[in-house]
Amino acid sequence: MLAMVPALLPITHATADPGSLKVRVNQPGVKISPMFYGLMTEEINHAYDGGLYAELIQNRAFKDNPNNPVHWSIVLDGGSVGSISLDNSQPLNDALHTSLKVEAIAVSGKQRVGVANTGFWGIPVESMTRYRASFYAKADGSFNGPITLSIENRDGTITYAKATVGRITNAWKQYTVTLNTGKLEKPSNAGRFVLSASTQGTFHITQVSLFPPTYKNRPNGLRRDLMDLMASMQPAFLRLPGGNYLEGNTIAERFDFKKTLGDPATRPGHQCPWGYRSSDGLGLLEYLEWCEDCKMEPVLAVFAGYALNGEHVAAGPGLNQFVQDALDEIEYLTGDASTTWGARRIKDGHPAPFPLRYVEIGNEDWFDRSGSYDGRFAQFYDAIKAKYPKLQIISTAPVRSRKPDVIDDHYYRSARAMANDAGHYDKADRNGPKIFVGEWASTEGSPTPTLKAALGDAAWLTGLERNSDIVVMECYAPLLVNVNPGARQWGTNLIGYDCLTAFGSPSYYVQKMFGTN
Ligand code: AHR
């Protein structure tokens, strides 16, 4: 890569001078690593549920609120009588213990008793599209179906697609149908999904799911438009799974990779630190397949014994279980069939190991005022290096106990501050750890950055590139935002979307322009 030095000429309208750019080909800048440009991700702003994870049903397992079936409402058409309530007496399994009890008390003919879900700020309805719907159901007593599934407009006056499941049994069973929309004049973001009965009786449902076609048609897959936007940036890596999402508000609410694997109906989900529950439908394997599909390498952040409320496990025997979890997670990515977790990945459907060069210990551990990070880092570092000597270990705060291979720096500042500080790494210690700028943004504009912010970003990036002998990787944060007001928690984000459409912000195009050139 050659250093390009623009001559800074004043622009005046009078001279109409087009300006000039001097390229000193005899003075090349430092080589930019092929790993330099990447993406950072976590569950924030409904980045996955209501975002990249293509599931369209919100609160599909009725766990989002213990008292109410939030995002669901009863449908009573044509004078029918019925009720819905949460029920914990009929667990599907250890992970999903809640179901929705639907009582069709008085219904016949064309009447119906059912439930509607309005998705994540709307169900997207697209022309000539095949949706895959599934649900678990269990009939009480004499009810035996049928159950009808439909995609409708908000008040039920238009039905876009419909299918019926004939017989419902008294034991939990999964039912799957396809729903095909016809030709529509224009797509809509105001659909709803309805599951209903026209015969009397009581039944339970849970894990109610609706998927549009996904990227590369992966089952339990990701949204096509968002994947296209990311793939076209040609990112080299994905820093996953956070961010604060890795840590959780409490240790119990950390990202526990083992609970995010396997059949989505056996994943308990967990509370995310950004104020809502994560279904964990986008779990560790889905992250890795996301990497594979966008040709990115995972930069794996492992939980390091510190949660956002300050709870922490000091170095010593108490920390061993978390160190072991990290080793297991690395094995899940890289192990072969002879290893426990490599075998588990193969069983989960991915025989080939994933590439892995960087492992990050925790996230923003300078927040840990107890001073425990130094010891915690050393314990993870030693265990990982002993088993995987080639892995590069990233620390999230300065440490003295070991020399990290890389340290992760974060910056959220105004566009002006970013531009003014573009020389930040010009004088950085060349003998210290390498630098990963693992979260940063010019934070102007909401929900996505302004053009001014993008200019601040561009100026800052020139400084990172100029110092890429020491700055080995960079990624903007946060990456994704569902732009509906109730969906977002962070001000300035790279890519915005609602349930139907997605767009790149000015900063997205800066990242893309730098990353692809
Ligand atoms: O990017 C949003 C948040 O900012 C991240 O979760 C956290 O690491 C940082 O403080």
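The values are calculated or read from the model by the stated rules, or taken from the named source; none is laboratory data. Note that this is a predicted model, so its numbers are computed, not measured. With ideal geometry, Cβ positions are generated from the backbone for all residues, glycine too; neighbour counts draw on all protein chains shown. Accessible surface is based on the protein model in full, side chains and every heavy atom, while ligands, DNA and RNA are left aside. Shrake-Rupley method; radii C 1.70, N 1.55, O 1.52, S 1.80 Å.
Among all positions in the stretch 386-405, there is at least one residue which is away from the ligand (no atom under 16 Å from the Cβ), under 27 Å from the mean Cα position of the chain (by Cα) and either among the hydroxyl-bearing types (Ser, Thr, Tyr) or open to solvent by 40 Å² or more (accessible area, probe 1.4 Å) (or both). Pairing each residue of the stretch 377-405 that is outside any loop (DSSP other than H, G, I, E, B) with any residue that is of a type in the set (Ser, Thr, Tyr) and surrounded by fewer than 20 Cβ atoms within 10 Å (Cβ to Cβ), provided the two are 6+ apart or on different chains, yields C-beta distances under 9 Å for 377/401; 378/401; 381/401.
For the stretch 347-376, residues that are in a helix (DSSP H, G or I), without any contact (Cβ under 8 Å) to a residue 60 or more places away in the chain and open to solvent by less than 60 Å² (accessible area, probe 1.4 Å) total 1. Selection over the stretch 240-274 of residues that are within 16 Å of the ligand (Cβ to nearest atom), under 24 Å from residue 70 (Cα atoms), open to solvent by 30 Å² or more (accessible area, probe 1.4 Å) and assigned to a helix (DSSP H, G or I) gives a count of 1. Taking residue 152, is it part of a strand (DSSP E or B) and closer than 21 Å to residue 179 by Cα? Yes: the conditions hold for residue 152.
Among the residues making up the stretch 466-489, those that are away from the ligand (no atom under 15 Å from the Cβ), more than 19 Å from residue 278 (Cβ to Cβ) and either open to solvent by 10 Å² or more (accessible area, probe 1.4 Å) or of a type outside the set (Val, Ile, Thr) (or both) are 466, 467, 468, 469, 472, 473, 483, 485. Exactly one of these conditions fails for residue 297: (1) more than 16 Å from the ligand (Cβ to nearest atom); (2) within 15 Å of the chain's Cα centre (by Cα). Give me its number. The one condition residue 297 does not meet is (2).
The residues of the stretch 330-346 that are free of Cβ contacts under 8 Å to residues at least 60 places away in the same chain and either crowded, with 18+ Cβ neighbours inside 10 Å or in contact with a helix residue (DSSP H, G or I) (Cβ under 8 Å, 6 or more places away or on another chain) (or both), listed by number, are 331, 333, 334, 335, 336, 337, 339, 340, 341, 342.
Okay, residues lined up against (1) surrounded by fewer than 20 Cβ atoms within 10 Å (Cβ to Cβ); (2) among the hydrophobic types (A, V, I, L, M, F, W, C); (3) under 18 Å from residue 73 (Cα atoms):
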residue: 120; (1), (2), (3): no, yes, yes
residue: 125; (1), (2), (3): no, yes, no
residue: 135; (1), (2), (3): no, yes, yes
residue: 143; (1), (2), (3): no, yes, no
residue: 163; (1), (2), (3): yes, yes, no
residue: 176; (1), (2), (3): yes, no, no
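Inside the stretch 18-63, residues that are part of a loop (DSSP other than H, G, I, E, B) and within 15 Å of the ligand (Cβ to nearest atom) make up a count of 10. Sort out which residues of the stretch 408-437 are out of contact with any Leu (no Cβ under 8 Å at 6 or more places or on another chain) and open to solvent by less than 30 Å² (accessible area, probe 1.4 Å), and write them in order of number. If the condition is that a residue be out of contact with any Leu (no Cβ under 8 Å at 6 or more places or on another chain) and open to solvent by less than 30 Å² (accessible area, probe 1.4 Å), then 408, 411, 418, 422, 428, 432, 435, 436 are the ones that fit.
Would a scan of the stretch 69-88 turn up a residue that is of a type in the set (Val, Ile, Thr), open to solvent by less than 50 Å² (accessible area, probe 1.4 Å) and not in a loop (DSSP other than H, G, I, E, B)? Checking the stretch 69-88: at least one residue is of a type in the set (Val, Ile, Thr), open to solvent by less than 50 Å² (accessible area, probe 1.4 Å) and not in a loop (DSSP other than H, G, I, E, B). Is it fair to say residue 226 is within 25 Å of residue 35 (Cβ to Cβ), away from the ligand (no atom under 16 Å from the Cβ) and open to solvent by less than 10 Å² (accessible area, probe 1.4 Å)? When the stated conditions are applied, residue 226 passes them.
Scanning the stretch 275-326 for residues that are open to solvent by 20 Å² or more (accessible area, probe 1.4 Å), under 19 Å from residue 247 (Cα atoms) and either hydrophobic (A, V, I, L, M, F, W, C) or outside any loop (DSSP other than H, G, I, E, B) (or both) gives 277, 308, 312, 313, 314, 315, 318, 320, 321, 324, 325.
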